[in-house]
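Here the structure is laid out as structure tokens; the discussion comes afterwards.
Every read-out reported here was derived from the displayed coordinates using simple, explicitly stated rules and does not represent laboratory data. Treat the numbers as computed from the prediction; the structure is a model and nothing was measured. Note that we place each Cβ from the backbone using ideal geometry, even for glycine, and neighbour counts take in every protein chain shown.
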């Protein structure tokens, strides 16, 4: 009897010697395909180590408008200890004062500088990029084969790209050459290729610049000519849907399309090429889209939260995510990964997207303190032109005056 | 109703003759009225019924829409049942279990001049659907299945009408294959199969079970589940609502949580509204006190001011736990909690108004008799007045329940994360966002139909109160 | 005296739960919204007084102007059509026939289910390859049949009425018995013509974009009076859902109107249309007032449909004032603009009150 008590006491003692409390760290991020990615990362790679430190991690995906919901949660104090900070809204998130500055807590050295910059304000880093994405041309090989058109390639310019799209669209009335949304988040890459910048040095925007208008005409022209469609024209939700349903031969998207294709068109024979080059500058343009992990400044378990953030962005974690073909790592050291050598279409796609980040005029998908409001007038102008309700000049004049007003209000 | 003719009649018809003529007219009139009413019924019930039927389809966006749905065909039911039995000995819900041997046949049309080649059959590693379903760790049939090569089992001459309306002649060839589960292992829910031909001129015609979709321009016939079982086949979308949409943190079915939350909120609101609205309505109808008029005006305004004006402050009030009061029971914030939604909607101005109107119709004498007995105000209210208010309370219960069950805006503001905390209407918005983007309308419609069921059942049972409620408050709370 | 005081105390005790709710979630909330509308509050930083800046900014914000236009057009069109439609339906339903209860229940079904369910179903039907386009395609394809049918129907009816009149019966132009015969004969004839291949369906394909379009109609009208197509889609859905409720309210009122009025009018030779305008409409005047008021308040707050249609439509085509307020409160793209949202909310509140007051005046004066 005495011995049992002693044993019990001893075991209590050893238990007390290991970390005292089991801490639960809540992390919040996108819904959609992300839960699968993050959950597998937790289960298969970093979960066990964290567990050993007494930290349990719970992923809470937000299936509806992430940015709005997380703002709401940050204000209510119900946000997760660690949360996604999308690059395009980073200035707004930082302004809430709820994102913890990380300079003294996390080693930012190994991460790609241009990605870190998006989350830096006044020398303080507020988020560690978890991965990134750029745009590439995804095409349906069967359709190109049937139409006997050469696949899109790295040598394509705006002109030759348009020719291929036109040729493939002649295959069948039901099939469009490309599926292009009225979205500056796609079309902008071509304006950048022409050398256009989203803001002038004085903070204003110039939509009448020829570099912008020719890219605008190139992109919207394919739709007005009838060789490309908008997703909604064929009842699709987005270009990935057009591609999966074989309604269009080409979609211009990022690596996020891979998971969608795997789920919705598992047998699709697709290929990937870099975006076409500008006819005038001979350069490519692109956006880098990135999302960072940030730590909630109100978190009661800040120390553990930082540990989790470090684990989430660790080399092992990024290696795993890359090998699974899920996303592209934000650590410089991983750029020579053997995964990129693999022959699968998914590995090829990831390589193309990885290389897209350093090929030509590449800018982060971010529009200062205007946030994504920057896009609204531009997207409206594109819709108007692509549906034939306005010509380029008229649509862009309207967009220009709207943008001026938005920028002015944001500057107040 | 004896109806005298409107105008003097010409002389050669007797009164009896005219009466018969008028009777014929009345009959025709009744017939037309019924026809018109039936047409209205189709108009108002049509969308609901059509959506219900289409929610069974694999792809409700199929065009042209048709009521000839594979999921409603007895031939497919029996095929699905026998495949389910072959797969896991489960004719109802199907599956793929050790020892299974699933026989299957696919028929192609092969035009003249083309060599008929057996298709390649494979069991892909495929996750069940996008979105939330992709998270779960599942067993893949691919890890346990083996497929016998497809062999020709039948061939006969036949024709085929292609897209351009041209009739091609050739042969109709049927191939058979078996999917086997050898050795030991777990029972797997689904058995996805791809059947691929090399030439897309060899056209898919039919198969033992209707296919899920054709891919690669007709080359691949894809089956999401080759051994679904009869119910698993017919109610696939409904099963998916429960199976796929699970909370990643708790593993519980989201749809069940949402239903439960909706019930809790609706019942709590019904109880508090019944009690507080009749108390307030009674005071306003019967008692004399200063400030009555001001309260009236406030009630009127409260019904007119849109919720979007007050939600800003109300959101903040809940965020701070009603001035920190909620800390008393351990909640720092009432956002993302059911109690927040309930506390902010204890009693609406509309409900008070309805009860006040009702109490004014009850004769005073009844109460006065009780007053002589020396009862207190409370006793009189609970023992004498409330029992008389039963009809109004019935209507108010229904109105409140319906309002709470269908409420969208306020829960949307208050309940954002985690997904488990939502109510049905905003949960459906989550479905719409996840599955609408991928065109997966089957799951959305199935969810919508199920979320409407409780209120429709309630309506059928308590129809009288619903219709009475309309005359009280015009369907507004 | 004592009992009077007791009564006051009792009254306030009875009212206490309601008054507390009202004070906190309505009075306090309204006052706070007014206060916020003069500040730049953003949920995170302390509010700063900015005077009328937010109100001035409202009219420089394109989305607000669209929201204002959409809300007003929506309220006007939907309230008018649903009131009129509900009244007509109630008049049709106001019969003493067997099975009325079944029909009443059937019509009420859309109003029972939540707006989310109905909106989702309509959203699905509005898809490019959805039921609406399919039905339109059918109508367009069978237009020749419909045309022939209509012509036959009219011709047969005229012939029959003339024959009956020459035989000395008091047949009206819309005599139901004759109409039933005309209808059946015309339908049979049309079917036969189609069956024999004399009358062929057209090869028509209606592919109307309900959702992803920024088209506005009628194109000839100035901006402020046009309705975007996606907004019309919501109007149709909304009318569909609300007509039954209002129809029942009218029906309750109509059943109190003595049948003898209609019989008398019928004897005087009044047509059903004349009866509708001279008996039905005036006798439900108070209900009409209520229906219009409820309709205006409801439509000016339209929010659910915008949120559910979401990215399926261009936001500008469907944004309403109510949604604008919500969107500025939780913009996502930047810090919440609580002050700006409050200003828009105040505008919506005042607009609602004004419109309700105006229609009150308008309908009153017409009644007197």
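Distance from the Cα centre of segment A:194-221 to that of segment B:445-460, in angstrom? That distance is 52 Å.
Based on alpha-carbon atoms, the Kirkwood radius and the radius of gyration of segment A:286-412 give Rg/Rh equal to 1.11. For peptide C:167-177, the mean count of partner chain Cβ atoms within 10 Å of a residue's Cβ comes to 6.
Counting every other Cβ atom within 10 Å of each residue's Cβ, C:223, C:235 order from fewest to most as C:223, C:235. Just need log10 I(q)/I(0) for chain B at q = 0.12 Å⁻¹, Debye formula, equal scatterers on the alpha-carbon atoms, no solvent, rounded to two decimals. So the normalised log intensities are -1.09. Look at the stretch B:276-282: the mean tally of other chain Cβ atoms within 10 Å of its residues' Cβ atoms is 5. Considering all C-alpha pairs of segment B:72-243, those separated by over 27 Å amount to 27%.
Relative contact order of chain A, please, whole-number percent, based on alpha carbon pairs below 8 angstrom and at least 6 residues apart.
Values: 735 pairs, mean separation 97.5, N = 412.
So the answer I get is 24 percent.
Just to confirm the number: angle between the C-alpha axis of helix B:390-406 and the first principal axis of chain B, 0 to 90 degrees, nearest 10? Its long axis makes an angle of about 40 degrees. Helical content alone sets the calculated 222 nm signal of chain C at -22500 deg cm²/dmol, taking -39,500 (n - 2.57) per DSSP H segment of four or more residues and averaging over every residue. Normalised Debye scattering of segment B:254-473 at q = 0.08, 0.14 Å⁻¹ gives log10 I(q)/I(0) of -0.36, -0.98, counting only Cα atoms as equal scatterers and leaving out solvent. Please give the helix A:66-76 orientation as an angle from the longest Cα principal axis of chain A, in degrees from 0 to 90, rounded to the nearest 10. Roughly 40 degrees, rounded to the nearest 10. Remark: relative contact order (segment B:72-243) = 35 percent; criterion is Cα-Cα distance under 8 angstrom and separation of 6 or more residues. Within chain C, the ratio Rg/Rh, alpha carbon atoms throughout and Rh by Kirkwood, equals 1.07.
With N set to the residue count of segment C:143-195, report its C-alpha Rg divided by 2.2 N^0.38 Å to two decimal places. Each step should come with its number before you reach the end.
On the way: Rg = 11.9 Å, N = 53, 2.2 N^0.38 = 9.9 Å.
For segment C:143-195, the normalised Cα radius of gyration comes out at 1.20.
For chain B, what is the relative contact order in percent, using Cα pairs closer than 8 Å and at least 6 residues apart in sequence? Don't skip to the end; give the middle numbers.
On the way: 697 pairs, mean separation 79.5, N = 477.
With pairs under 8 Å counted, the relative contact order is 17 percent.
Residues of B:338-350, mean number of Cβ from any other protein chain within 10 Å of their own Cβ, rounded to a whole number? Write down the numbers at each step before the final one.
Numbers: counts 0, 0, 0, 0, 0, 3, 4, 2, 5, 6, 5, 4, 0.
Per-residue shielding by partner chains comes out at 2.
Once a ≥ b ≥ c are taken as the square roots of the eigenvalues of the Cα gyration tensor of the protein assembly as shown, is the result rounded (a/c under 1.5), prolate (a/b larger than b/c) or oblate (a/b not larger than b/c)? Let's see the in-between values first.
On the way: a/c = 1.61, a/b = 1.19, b/c = 1.36.
Taking the square roots of the gyration eigenvalues as a ≥ b ≥ c, the protein assembly as shown is oblate.
The long axis of helix C:229-254 is offset from the longest Cα principal axis of chain C by roughly 80 degrees.
What do you get when you divide the Cα radius of gyration of segment C:18-175 by 2.2 N^0.38 Å, with N the number of residues?
That ratio works out to 1.84.
If each residue's Cβ is checked for other Cβ atoms within 10 Å, how do B:356, C:4 rank with the fewest at the top? Don't skip to the end; give the middle numbers.
Details: B:356 20, C:4 10.
Ranking B:356, C:4 by Cβ neighbours within 10 Å, fewest first, gives C:4, B:356.
In terms of its C-alpha gyration tensor, segment A:218-367 comes out prolate, because a/c is 1.5 or above and the ratio a/b outweighs b/c.
As a rough footprinting exposure proxy, the listed residues B:207, B:339, C:260, B:262 were ranked by other beta carbons within 10 Å of their own, and the order from fewest upward is C:260, B:339, B:207, B:262. Mean residue ellipticity, 222 nm, helices only, chain A: the sum of -39500 (n - 2.57) across DSSP H runs of n ≥ 4, divided by residue count and rounded to 500, is -12500 deg cm²/dmol. Quick check on segment C:1-78: take the gyration tensor over C-alpha atoms, sort the square-rooted eigenvalues as a ≥ b ≥ c, and tell me if it's rounded (a/c under 1.5), prolate or oblate. Judged from the Cα gyration tensor, segment C:1-78 comes out oblate (a/c at least 1.5, b/c at or above a/b). Size estimate for segment A:75-233 follows the Kirkwood approach: the inverse of mean 1/r over distinct Cα pairs works out to 19.1 Å. For chain A, the extents of the C-alpha atoms along the principal axes are 90, 53, 36 Å, listed from largest to smallest. For segment B:315-336 and segment B:153-215, what is the separation of their Cα centres, given in Å? Segment B:315-336 and segment B:153-215 have Cα centres separated by 60 Å.
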